Amino acid sequence: MTNAEFTAVQVQGITVEQLLQQFEELKNIVSQIGTPQPIEKDKLLTRHETADFFGVSLVTLYNWTRDGVVKAYRVGNKVRYRQTEVLEALKAINLKR
């Protein structure tokens, strides 16, 4: 940033302590944005969620399942994928590249 991009701002009606508290709250909010959410170990993903996660089509996901790249589970007549196994498969795919 150049000096031309900065503008002077005069703050009125707020004490230094209040201003510092506002900055501290803003800092906490910004630090939470980059915090990854914990992964649920037994969360099951649908075929569409899994394909979106990999960024591939359903046909490619089917082929990867058939070839053993990622393991699928049948729940009734539905196909599901475990989130932790999907993450492991993604790491394995990235290592091959």
How much accessible area does LYS43 have with a 1.4 Å probe, in Å² rounded to the nearest 10?
80 Å²
Under the Karplus curve 6.51 cos²θ - 1.76 cosθ + 1.60, θ = phi - 60°, whole-Hz ³J(HN,Hα) for segment 53-64, x wherever Gly or Pro sits:
4, 6, x, 10, 7, 5, 5, 5, 4, 4, 5, 5
What ³J(HN,Hα) values, in whole Hz, does the Karplus curve 6.51 cos²θ - 1.76 cosθ + 1.60 give for segment 84-94 when θ = phi - 60°, with x put for Gly and Pro?
5, 6, 5, 5, 5, 5, 5, 4, 5, 5, 5
Give me a comma-separated list of calculated 3J(HN,Hα) values for segment 77-83, in order, Karplus coefficients 6.51, -1.76, 1.60 applied at θ = phi - 60°, integers in Hz, x for any Gly or Pro.
9, 10, 9, 10, 10, 6, 4
So for ILE29, ILE14, what's the accessible-area order with a 1.4 Å probe, most first?
ILE29, ILE14
Please list, ordered by chain and number, the residues whose modelled amide H lies under 5 Å from the amide H of LEU45; skip anything fewer than 5 residues away on the same chain.
TYR81, ARG82, GLN83
Peptides 73-84, 16-27 ordered by average Cβ neighbours within 10 Å, highest first:
73-84, 16-27
Expressed in nanometres to one decimal, the distance between label points 7 Å along Cα→Cβ at VAL30 and ILE14 is 1.4 nm
Using a basic spin-label model with each label point 7 Å from the Cα along Cα→Cβ, how many nm lie between ARG74 and LEU87?
2.9 nm
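The values are calculated or read from the model by the stated rules, or taken from the named source; none is laboratory data. Since the model is a prediction, treat every value here as computed from it, not as a measurement. Note: ideal-geometry Cβ built from the backbone for every residue, glycine included; neighbour counts use all protein chains shown. Remember, those area values only see protein heavy atoms, side chains included, never the ligands or the DNA or RNA. Shrake-Rupley method; radii C 1.70, N 1.55, O 1.52, S 1.80 Å.
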